[in-house]
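Structure, as structure tokens:
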Amino acid sequence: MTIELTPDALDVHGETPADLVLPDRVAGRLYTDPDLFELEMTRIFERSWVWVAHESEVPKPGSFKTTHVGRQPVIVARNRKGEINTLLNRCRHRGASVCEQPSGQANGFTCPYHAWSYSLDGQLRGIPYPEGYEGVLAKGDITLGKLRTESYGAMVFATADPDAEPLTDFLGDVKLWIDRFFGLGGGYPVKVLGRHRFRFRGNWKIQLENTTDGYHFPIVHRSWMASVDAETAEMMSFMTDPTCTTHDLGHGHSVMQMVPTHSDLSADDGTEPLQARFDDLVAELKGTGLDDAAVRKLVHAMHGTGFNLNLFPNVSMSAAFLRVLRPISVDETEIEHIALGPDGPPEVVDPVNRAKLRIHEHFQGPFGFGTPDDAEGWDRVQRGAQAAPTMPILVNRGLARETPSPEGWPTSHVTDETGMRTAYAQWKAMMGDD
Amino acid sequence: MTETTSLRTAVAGVPLTDPRVVRAIELVWREAELLDRADYTAWDALYAEDGTYVVPIDGSVEEFDDVLNMVYDDTRMRRMRIVRMTEGHALAAVDAARTVRTVSRFVPAVVSDDEVVLRSAQVLVAYKRGRHDLWVGDVEHRIRLSETGDRIVRKVVRLVDSEGAPPAAGFLL
């Protein structure tokens, strides 16, 4: 579909939020309108499945982390039976947060204000000086608010909507790609190694789009490309490679395959040479007694998988890390980049994870060789989009060459905007659902 | 050598006016000015060939190999970073915030004729597009003293909000 670049033909007006999203363009207001942001918080972030944790972050009974679902503070805690719950981080008495630690180990949570105490399941256990509540409060009925919590492949999601479809249905064909993603463990389970956090002054959807934007890579990340070894630069040279594709997986989810030969790391046929930069690591691993096949599996997975799996609305599984976004306000967003690596015997996984940490630091974080350049681009989008709120943001790249894959997924080139189109289709469906 | 058991405490009896400490302070102030001027090539010359430059996430750690850091540069990585900051292809560096930093509250933690470890506080204000961002942290410099020129062997910047969410930066701490 060719669109005419005249203002009248392009502008996106509308009475309802859903009118602001067309198949090939969205109104600039989607980045800048505070009223739309408020609606997004209720219609999307309080209805959708929102990623809250990787199971390795809450490894045993009593382990917890604090995070947010949309703007709501929550605690993700593993109870004594090993089940993971997502609890609202808000005392039922006067509303104080009951936990301000980022993560840790606890027997329960006690409000600092009047010492109401709750179990790991959120059940109210104790009230000091209970006489005053006789006849007015039944302790057994009170719990911290609890969100529905379900997991797939160690990825833990929560939703504030008791009627939301089961997580397995929400993920659909994404599950295959989650299975592939954790091939990054090189034959071992995967654990969280650490996280970078940073904020940028822009709308959350600018980041949502970016993870499925292959088009920006050699331009914004020219500085990073120039700093890596030739093999890695070659690996990321996907701009004109027709085998590199993006699939629309439905429900707003998509997968962008930058290095399709690394999409399924278990399908390694052994012909691709391991990168020379890992020669010392290979020697060290062989010294631990691992056989050649096990060493190859670990080192072949050093850069993670060759795709970005972009899940609506808040998480992506990219190469060897998770990108988690948290909307702060219409024009501010917090991002976490969570580094992942194999979990196993220290003599094997420690040297591997040391190398993975250095790879992650090279690109990610407030001082990485990639993240600050991305953030600058996003700041510029937010500033520029203030002009002409009805003038659209174009998401039509590759629309004319989008065709179904054998699996039935709408598919286009990796530099195309197929992933953005499916995300905005989901946005339109959720925002238009009164 | 007058060395204490912990870098977090001061060396008893060594005043800030000790000539070895004064040399270290002069180097730290020179470094601060070069970084505010974004003269990264001259900044590199202040480092020893085995020098490291670290901005950790976990402010309590002393060993950085097995943890994720914001910056963990050996000389090779530091020089690649300088190329990135100066070659004109990095959007963040091309349009970087203007910075002014103050380094003070010096405490000598180790003092010998060969080496000084100096702890200090750094308050940096970064201005860009109508906003002032504050970057505040404890800094530790390990400085090798030499007749041929004093050099930084290790610099660690522990931000007060290192586990929070600072903005992404187009400058160096």
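Structure notes:
- With a threshold of 27 Å on the Cα-Cα distance, the over-threshold entries among A:Lys191/A:Lys297; A:Lys65/A:Lys297; A:Lys146/A:Lys175; A:Lys175/A:Lys428; A:Lys356/B:Lys155; A:Lys175/A:Lys205 are A:Lys65/A:Lys297.
- Each chain gives up part of its surface: A and B jointly bury about 3000 Å² of accessible area, both sides summed, for a 1.4 Å probe.
- 222 nm mean residue ellipticity, helices alone, for chain B (DSSP H n ≥ 4; -39,500 (n - 2.57); rounded to 500): -6500 deg cm²/dmol
- Surface analysis of the protein assembly as shown yields an accessible area of 42 Å² per residue, using protein heavy atoms and a 1.4 Å probe.
- Accessible surface, 1.4 Å probe, highest first, among residues A:His13, A:His114, A:His362: A:His13, A:His114, A:His362
- Two-site label geometry, B:Val100 and A:Gln105: point separation in nm, points 7 Å out along Cα→Cβ: 4.9 nm
- For the stretch B:2-159: relative contact order, % (alpha-carbon pairs under 8 angstrom, 6 or more apart): 27 percent
- For the stretch B:16-60 versus the stretch A:348-412, the spacing of their alpha-carbon centroids is 35 Å.
- Remark on the protein assembly as shown: A:Cys99, A:Cys244 stand apart, with no other cysteine beta carbon under 4.7 Å.
- Approximate spin-label separation A:Thr288-A:Met391, in nm, with each point projected 7 Å along Cα-to-Cβ: 5.5 nm
- Choice from A:Ser254, A:Ser117, A:Ser316 showing the highest fluctuation, given a GNM over chain A with Cα pairs closer than 10 Å: A:Ser117
- The protein assembly as shown, accessible surface, carbon-and-sulfur percent (1.4 angstrom probe): 52 percent
- The residues of the stretch B:27-71 occluded by other protein chains by 10 Å² or more of accessible area, set against the chain on its own, are B:Ile57, B:Asp65, B:Asp66, B:Val67, B:Leu68, B:Asn69, B:Met70, B:Val71; surface from heavy atoms, 1.4 Å probe.
- From its DSSP helices (H runs of at least four residues, each -39,500 (n - 2.57)), chain A gives a residue-normalised ellipticity at 222 nm of -7500 deg cm²/dmol.
- Its residues counted as N, the stretch A:172-431 yields a C-alpha radius of gyration over 2.2 N^0.38 Å of 1.01.
- Shielding of B:90-103 by partner chains, average beta-carbon count, 10 Å: 4
- At the residue level, A:Val192 shows approximately 30 square angstrom of accessible surface with a 1.4 angstrom probe and all protein chains present.
- Each residue was assigned an accessible area with a 1.4 Å probe, and for A:Cys244 the value is about 0 Å².
- Our compactness index for the protein assembly as shown, the C-alpha radius of gyration over the empirical 2.2 N^0.38 Å, is 1.03.
- Where A:Lys81, A:Lys297, B:Lys128, A:Lys205 fall by accessible area, highest first, once all protein chains stay in place (1.4 Å): A:Lys81, A:Lys297, B:Lys128, A:Lys205
- A probe of 1.4 angstrom, applied to the heavy atoms of all protein chains, finds B:Ser162 with accessible area near 10 square angstrom.
- Gaussian network model of chain A, Cα within-10 Å springs - most flexible of A:Asn314, A:Asn107, A:Asn89: A:Asn107
- Derived value for chain B: Kirkwood hydrodynamic radius 16.7 Å. Basis is the mean of 1/r over every pair of different alpha-carbon atoms.
- Coil-residue GluC sites (Glu not before Pro) of the stretch A:85-141, DSSP, other Cβ within 10 Å capped at 10: A:Glu100, A:Glu134
- Longest stretch of chain B clear of exposed loop sites (GluC sites (Glu not before Pro), DSSP loop, at most 15 other Cβ atoms within 10 Å, sites excluded): B:1-61.
- Each Lys and Arg Cβ is given +1 and each Asp and Glu Cβ -1; about its Cα centre, the protein assembly as shown then shows a dipole of about 1460 debye.
- 3J(HN,Hα) along the stretch B:159-172, derived from phi through the Karplus expression 6.51 cos²θ - 1.76 cosθ + 1.60 where θ = phi - 60°, amounts to 5, 5, 10, 4, 9, x, 10, x, x, 6, 10, x, 9, 10 Hz, with x in place of Gly and Pro.
- For the stretch A:243-280 versus the stretch B:126-145, the gap between their alpha-carbon centres in whole angstrom: 39 Å
- Most simply put, the protein assembly as shown has about 95% antiparallel DSSP beta bridges, counting only bridges with both residues inside it.
- Between B:Leu91, B:Leu134, B:Leu124, the Gaussian network model of chain B with springs among Cα atoms under 10 angstrom shows the greatest mean-square fluctuation at B:Leu91.
The values are calculated or read from the model by the stated rules, or taken from the named source; none is laboratory data. What you are looking at is a predicted structure, and each value in this text was computed from that prediction instead of being measured. Don't worry about glycine lacking a Cβ; one is built from the backbone with ideal geometry, like all the others, and counts go over all protein chains shown. For the accessible areas, the whole protein counts, side chains as well, though only heavy atoms, and no ligand, DNA or RNA atoms are used. Shrake-Rupley method; radii C 1.70, N 1.55, O 1.52, S 1.80 Å.
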